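See structure below.
Read-outs: derived from the displayed coordinates by stated rules, not from any lab. Since we're looking at a predicted model, the values are computed, not measured. Glycine also receives a Cβ, built like all others from the backbone with ideal geometry; neighbour counts cover every protein chain displayed.
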Amino acid sequence: MFPGHGGTTINAYLARPVGDGPFGGVLVVHHLPGWDSATKEITRRFAARGYNAICPNLYARQGFDVDPDDAAAATRQAGGVPDEQFVGDAAGAVATLRALPTANGKVGVIGYCSGGRHAFLTAVSLDVDAAVDCYGAFVTGTPPEGFPLRVTPLVDRTPQLGCPLLGLFGNDDQFPGPEQVDELEAALQAAGKTYEFHRYDGAGHAFFNVDRPSYRAEAAADGWQHVFEWFGRHLEGA
Amino acid sequence: MCSYLTVPTDIAGSAKGPQGWFPVTSAQVYFDHPFHAPFDHTLNIDFADPARGPGARVAVELSADSARRLVESIQAALAAAGPASD
C-alpha cells in the first residue's frame, strides 16, 4: 500500500531480491486487462534479475478485493484511467522504490499494451532513469471514433522525455501500427533523444504474453535480452 | 492498448454469478483481446449491474464464428416466440 494520486491509498505487488543491494528499481505498468497474474510474474522476473520491482494496481479504486478482470471491465466502462491519475500513482510507486533500504536510487519503468503508453507518460512526467515501451498504442496516432478509452496522443511531449527510451514493437500490430512507430521514432530523432527501437516480423500485439496465443517466443526472448541490457546499462549503482 | 469499439446497451433481466442470481441492467459488447478464451480476439459481453460494483458481472468471450451463430440462435428463438412475448 502507498499513497497514489490525490493521496488515495492504492495497493501494489512488490518483488525484491534477497540481499543488501544496492539494487536498481523497476516500475512495472500492467496492461489494459489489469493487475493480473501474468504481470505479477513479470514483476517477479525483475526481482530474480536483481531489481526491486513494483507493479501498482492502477484499478485499485474499484476495490482491493475485486478480481483483476472485473476491475478492468469496470474501469473500461468508466473510460479508463485518466492520465493525471496514472502519473500520481506512478509517482507514488517510484517514491516507494527509492525509499526501500536496498535501493540504489535509480528507477526504470516498463509497460505493456496500455502500460507502454503509460511508460512513455512516466518518462515525460517524472524523474526516472530509463524507460521501456512495449507496444504501447496512442503515444502517436489518434484513437478511432467510438474508442472506449479517453486517451490522447503524447508525441507532442517528446521534448520533455527525461531518460533513454527502449521501444519493442510487433510489425503485425495495429495499435500501434508500424507507421505510428515510425512517427514516434521521427519525433525522438527530431528532439535529439536517446532511444533504441526493435521491431519484430511475425509478431503482433502482446507478443510477450506467455499465456496468450499472441505469444511469440523468438521476439519475446530477444526483447527480454534487450530489456535487461537496457536496464543494466541505465540502472547500475547510483 | 488493445481494444476496439464498445457497444453498450441497457438490458432488463437477471444473471447468475458466483454469489447467485442478481438483476442486470447493462450489457457491454465489444470485440477485443480475451482474458481466457484461446483466441487473439473474441466477441465479449459483460452482463452487469454497475450499481452493485465491479463484481456484479457475468462475462462471456466467444469466437467470432460462435458469436454470429449465437445471434442467429437468439433471433430464431425470439421469432418462434412471436411478437407479443414480453
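Look at the Cα gyration tensor of the stretch B:6-81: its axes a ≥ b ≥ c give a/c of at least 1.5 with a/b at or below b/c, and that counts as oblate. In chain B, helical runs assigned H by DSSP with n ≥ 4 each contribute -39500 (n - 2.57); averaged across all residues and rounded to the nearest 500, the mean residue ellipticity at 222 nm is -7000 deg cm²/dmol. Peptide B:44-54 shows a mean partner chain C-beta count of 3 within 10 Å per residue C-beta.
Mind checking which of A:Cys134, B:Val60, A:Gly232 is farthest towards the positive end of the protein assembly as shown's charge dipole, using Cβ charges of +1 (Lys, Arg) and -1 (Asp, Glu) about the Cα centre? It is A:Gly232.
Charging the Cβ of each Asp and Glu at -1 and of each Lys and Arg at +1, and nothing else, the dipole of the stretch A:86-187 about its Cα centre rounds to 520 debye.
For chain A, a simple Cβ point-charge model (Lys and Arg +1, Asp and Glu -1, everything else neutral) yields a dipole of about 620 debye relative to the Cα centre. Using C-alpha pairs below 8 Å separated by at least 6 residues, the relative contact order for chain B is 21 percent. Summing Cβ point charges (Lys, Arg +1; Asp, Glu -1) relative to the Cα centre of the stretch B:1-58 gives a dipole of roughly 220 debye.
Measuring nothing but how far apart in sequence close Cα pairs (under 8 Å, 6+ apart) lie, relative to its length, the stretch A:2-234 scores a relative contact order of 17 percent. Annotation for the stretch A:160-238: GluC sites (Glu not before Pro) lying in DSSP loop with at most 12 further Cβ atoms inside 10 Å of their Cβ are A:Glu236.
Under the rule a/c < 1.5 gives rounded, and otherwise a/b versus b/c splits prolate from oblate, where does chain A land using the Cα gyration tensor? Since a/c stays below 1.5, the shape of chain A is classed as rounded. Need one word for the stretch A:1-132: rounded, prolate or oblate. Basis is the Cα gyration tensor (sqrt eigenvalues a ≥ b ≥ c); a/c below 1.5 gives rounded, then a/b vs b/c decides. Prolate, since a/c reaches 1.5 and a/b exceeds b/c. Using the Cβ-Cβ distance between A:Thr142 and A:Asp211 with R0 set to 30 Å, the FRET efficiency works out to roughly 0.50.
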